[in-house]
1. Just for the range 80-93: of the residues that are modelled with pLDDT under 90 and crowded, with 17+ Cβ neighbours inside 10 Å, which one is nearest to residue 55 (Cα to Cα)?
2. Grab the strands (runs of 3 or more DSSP E) fully contained in the range 94-197, keeping just those with 2 or more residues being modelled with pLDDT under 80 and under 19 Å from the mean Cα position of the chain (by Cα).
3. In the range 183-192, is there at least one residue being closer than 23 Å to residue 240 by Cα, touching a residue at least 12 places away in the same chain (Cβ under 8 Å) and open to solvent by 40 Å² or more (accessible area, probe 1.4 Å)?
4. For the range 250-319, which fully contained strands (runs of 3 or more DSSP E) count at least 3 residues that are within 12 Å of residue 335 (Cα to Cα) and more than 46 Å from the chain's Cα centre (by Cα)?
5. Those residues that are surrounded by fewer than 12 Cβ atoms within 10 Å (Cβ to Cβ), assigned to a strand (DSSP E or B) and over 45 Å from the mean Cα position of the chain (by Cα), I need them from the range 320-344; list them, please.
6. Cβ contacts < 9 Å: first residue crowded, with 22+ Cβ neighbours inside 10 Å, restricted to the range 24-49; second residue part of a loop (DSSP other than H, G, I, E, B) and of a type in the set (S, T, N, Q), any location; separation 6+ or different chain. Result?
7. Search the range 307-327 for residues that are closer than 25 Å to residue 294 by Cβ and pair each with any residue that is not in a strand (DSSP E or B) when their beta-carbon atoms are under 8 Å apart and the residues are at least 6 apart or on different chains.
8. Checking residue 244 against (1) part of a strand (DSSP E or B); (2) at pLDDT below 85, which test does it fail?
Amino acid sequence: LEMLLLEAELLELKANPHLKARGVIIEGHLSRGKGPVATVLVKNGTLRVGDMLLTGAYYGRIRGMLDYKGDRVTEAPPSKPVEIMGLEGIPQAGDEFFVVKDEKKARTLAALKQDQKRVARMAGQQKRITLEDLYTQAKEGKVKELKIIFKADVQGSIEALGKSLESLSTDQIKLTIIHSTAGNINESDVILAAASNAVIIGFSVKADDRAREIAEKEKVEIKLYNIIYEAIADVRAAMEGMLEPITKEIFLGRATVKQIFRVSKIGVIAGCYIQKGTITRQAKIKLVRDKQVIFEGKISSLKRFKDDVREVAENFECGISLVGHDDIKEGDLIEAYGTETIARRL
């Protein structure tokens, strides 16, 4: 604080309290009793109750102001933070606000801003894929996407948690927040989620009764959280569940072909010696010749002397025949392996 005061004194920062107020939105949220509420910091001029205020795509006449103690005030001079009521919507944190002369001008400018946002949103939805996009997607592989509609109690939570969620995106799976705003989850949020195949995440908010009813009907998932880390952990788990699992080979055993027997009506049987591990009847096998895999398949029969067996352990001899393959030579290796499916992690 001392450094800030010193900097302010050296820079000779000044403001004129007699001008129309302008400043910045610090935070915005929806209050059940007050409606849209914004915390603002006046940078120049003086903000008064009854002023017509314009910020981003919203406007409104100030109906009341509260200071940092919660006491009602009628005006806010430069550098004073206050909480204001009267806007028609929840402004974005960081937006600038201005006091304008009349309501008609404010309505016109707000409508223009809303039209610009709507055009930009529609342009993003109507984007058509190009040959370059096809090449990029083919090069990167199939990209999966998790779409989220995010609602929170205040704009600050949306920015903080939104950035944390988007940072979970990887080359294999992409997380996209298609809509985010402050306020409770309502009917339009659920309809958008159903149309976009998205999940609704709420932080420190509730879902309206009508929204829950439609969500149940449309099978839209609504997840509510009060702790940021729980929300991030759940979304991470959901994204990991969308990734294709990894199939890992597990070595079971290796046998050396010592002699070849040709039996009518059966085919070729390889007389083998188990070098390492165990050969099982149900295992998958690789036939290796000169360090090259020439066949992959399954065991047709596994015998010890004349008896069929389920497995043969290390340092024992056995007879092995393969399903659909008779090209076996002395000196070949038969390697048995199993497979294990491992869930992928981000």
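1. Looking at the filtered set, the residue picked out is 91.
2. By residue number, 144-152.
3. no
4. Per the criteria, 267-277.
5. Once the filter is applied, which keeps residues that are surrounded by fewer than 12 Cβ atoms within 10 Å (Cβ to Cβ), assigned to a strand (DSSP E or B) and over 45 Å from the mean Cα position of the chain (by Cα), the range 320-344 yields nothing.
6. 25/92; 28/92; 42/79
7. 311/278; 311/281; 312/278; 314/278; 318/309; 321/266; 322/328
8. Tallying (1) part of a strand (DSSP E or B); (2) at pLDDT below 85, residue 244 fails exactly one: (1).
The values are calculated or read from the model by the stated rules, or taken from the named source; none is laboratory data. Quick caveat, the model's predicted, so the values are computed rather than measured. Ideal geometry is used to build each Cβ from the backbone, glycine not excepted, and the neighbour counts take in all protein chains shown. Heavy atoms of the whole protein, side chains included, go into the accessibility calculation; ligands, DNA and RNA do not. Shrake-Rupley method; radii C 1.70, N 1.55, O 1.52, S 1.80 Å.
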